[in-house]
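The values are calculated or read from the model by the stated rules, or taken from the named source; none is laboratory data. All figures in this text were calculated on a predicted structure; none of them were measured in a lab. Cβ: placed from backbone, ideal geometry, glycine included. Neighbour counts: every protein chain shown. Remember, those area values only see protein heavy atoms, side chains included, never the ligands or the DNA or RNA. Shrake-Rupley method; radii C 1.70, N 1.55, O 1.52, S 1.80 Å.
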Amino acid sequence: MRKISLIGIVMLIVSIPTFAGGVLTNTNQHVSFLRMLARGASIDIDGVYSNPAGLSFLPHDGLYLSLNGQSAYQTRNINATFPLFPEEGNTRYYEGTASAPFIPSVFAVYKKGDWTFSGSFAVVGGGGKASFDEGLPMFDSAVMAQIYSLTSGVVTPDMYNIASAMDGRQFIYGVQLGVSYQINDWLSVFAGGRMNYFTGGYEGYLQADLKSEYAAYGPALGLAEGNTTLTSIELDCDQTGWGLTPIIGVDAKLGKWNIAMKYEFMTNLNIENKTKKNSDPDGALAAFKDGVNTPSDIPALLTAAVGYEFLPTVRASVEYHHFFDKQAGMANDKQKALTHGTHEVLLGAEWDITRHVTISGGYQNTDYGLADDFQSDTSFSCDSYSLGFGAALKLSKHLKLNIAYFWTNYKDYTKASDSYNGITGMAGTDVYSRTNKVFGLGIDYQF
């Protein structure tokens, strides 16, 4: 046998959200989010994303500009248990890392009377590269099960070596433009849109070889005399796609209260393969043939927020997000497995401790509605809560510096199956876990 057919090797579409938000959406596009989180009722330049209708209530006419940089680091780990893994307890640990050393964003606002024009450039989804240098359990278990079956258990895992690795990267760049209009003293509306450009790809390999002392078992596996390679699979595939997101919003400023809502419509997004290398285009890697399109829609998003000014120096907000994940097309229709769309609840407060220094903090809880059929080694999510804190330093009448630190605490997700990775008669368990830390620094300037 020249090559072992791998069950479930198709890597699907790896979701690599580097920040907060839904399955495919980054909500922290401005550093002010990192330091307070609940920014949906903001009346500041970060409202270009979080509350665009509220820009009408900026205190002065003129041009506003904001430049932001964020640095993020994640781990994505899998503790896999499978009968053929030779380690103690048949458990093998796989560690993956995802990093984004520098994620930029630019915001701009021009206000003139009742009309306010705004725009931004940001990484609105993904934002990093995920690497599993030791491969993934779905690959290793499939190879081991095939060898075990073909030899009726004569060839065991300690008789061969498996080498595998996989890198996946994903960036969704967004350019947003829109206009806000102040209807009266307390009500404003917004209409606009975002053009999203997806760029990503996958590069990986898997090779299994009999150890030299067991080369005699090669013919039993269909190998030619002297050949010890059980399987060798390689993939190098770039992917691109684009889609448009219509956006509407409303803001009501009622004395010390500010109430805001925003709705982003679902973005139809198909990702096209541009494949450089595919060792099995008609078999296990058929989904990565050159020119094949895969759906990866960006879900619709509804946000609602209420802010209140307790004192001229103390403000707080509460906010809710709902991502309509079940209505967005994903690879292999896996969105249908979710029990519900993503729910997020956010709380935040800030305090002007002096005329020049504001400190703030916030909390966010995220519930994805996860289910076993949604989770895979190459694309898994974990419910979480996030904390952020930071400061805004007013360096001059026109210049403000935002600095923040944000981290996420994830709940482990356990997926147990009687047919591990589709392997009949062999049970197994995956425990998925993640970590996430983000640092941000930004400058806001009013001309």
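Listed here are the residues, each with its yes/no results for (1) in a strand (DSSP E or B); (2) surrounded by fewer than 16 Cβ atoms within 10 Å (Cβ to Cβ); (3) hydroxyl-bearing (Ser, Thr, Tyr).
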| residue | (1), (2), (3) |
| --- | --- |
| Ala208 | yes, no, no |
| Glu213 | no, yes, no |
| Ala224 | no, yes, no |
| Leu235 | yes, no, no |
| Gly241 | yes, no, no |
| Pro246 | yes, yes, no |
| Gly249 | yes, no, no |
| Lys253 | yes, no, no |
| Met261 | yes, no, no |
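Of all the residues that make up region 327-369, how many are in a strand (DSSP E or B), of a type in the set (Val, Ile, Thr) and open to solvent by 30 Å² or more (accessible area, probe 1.4 Å)?
Keep residues of region 327-369 that are in a strand (DSSP E or B), which gives 342-352, 357-367.
Still in the list and also of a type in the set (Val, Ile, Thr): 342, 345, 357-359, 366.
Adding the requirement that they be open to solvent by 30 Å² or more (accessible area, probe 1.4 Å) leaves 345, 357, 359.
Number of matching residues: 3.
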Go through (1) in a strand (DSSP E or B); (2) modelled with pLDDT under 95; (3) over 18 Å from Tyr432 (Cα atoms) for Ala98 and report which single condition fails. (3)
Have a look at Ser180, Ser118, Ser141 and point out the one that is at pLDDT 90 or above, over 29 Å from Asp44 (Cβ atoms) and crowded, with 21+ Cβ neighbours inside 10 Å. Ser141
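What are the residues in region 370-390 that are outside any strand (DSSP E or B) and surrounded by fewer than 18 Cβ atoms within 10 Å (Cβ to Cβ), if any? Explain how you work it out, then say what you get.
Taking region 370-390 and keeping what is outside any strand (DSSP E or B), we get 370-375, 377-378, 380-383.
Once the filter is applied, which keeps residues that are outside any strand (DSSP E or B) and surrounded by fewer than 18 Cβ atoms within 10 Å (Cβ to Cβ), region 370-390 yields Ala371, Asp372, Asp373, Asp383.
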Could you tell me whether region 294-301 includes any residue that is open to solvent by less than 40 Å² (accessible area, probe 1.4 Å), within 30 Å of Lys276 (Cβ to Cβ) and assigned to a loop (DSSP other than H, G, I, E, B)? yes
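For every residue, the table says whether it meets (1) closer than 30 Å to Gly62 by Cα; (2) among the acidic types (Asp, Glu); (3) out of contact with any Phe, Trp or Tyr (no Cβ under 9 Å at 6 or more places or on another chain).
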| site | (1), (2), (3) |
| --- | --- |
| Gly388 | no, no, no |
| Lys397 | yes, no, yes |
| Asn409 | no, no, no |
| Ala416 | no, no, yes |
| Asn421 | no, no, no |
| Ala427 | no, no, no |
Check Ser317 against each of (1) in a strand (DSSP E or B); (2) of a type in the set (S, T, N, Q); (3) at pLDDT 95 or above; (4) over 27 Å from Ala191 (Cα atoms) and name the one condition it does not meet. (4)
Can you say whether Thr151 is touching a helix residue (DSSP H, G or I) at 6+ places or on another chain (Cβ under 7 Å), β-branched (Val, Ile, Thr) and under 30 Å from Val179 (Cα atoms), as far as the supplied structure shows? no
For region 118-138, name all the residues that are within 20 Å of the chain's Cα centre (by Cα), under 19 Å from Tyr432 (Cα atoms) and of a type in the set (A, V, I, L, M). Ala130, Leu136
Within region 402-425, the residues that are at pLDDT 95 or above, hydrophobic (A, V, I, L, M, F, W, C) and open to solvent by less than 40 Å² (accessible area, probe 1.4 Å) are Ala404, Phe406
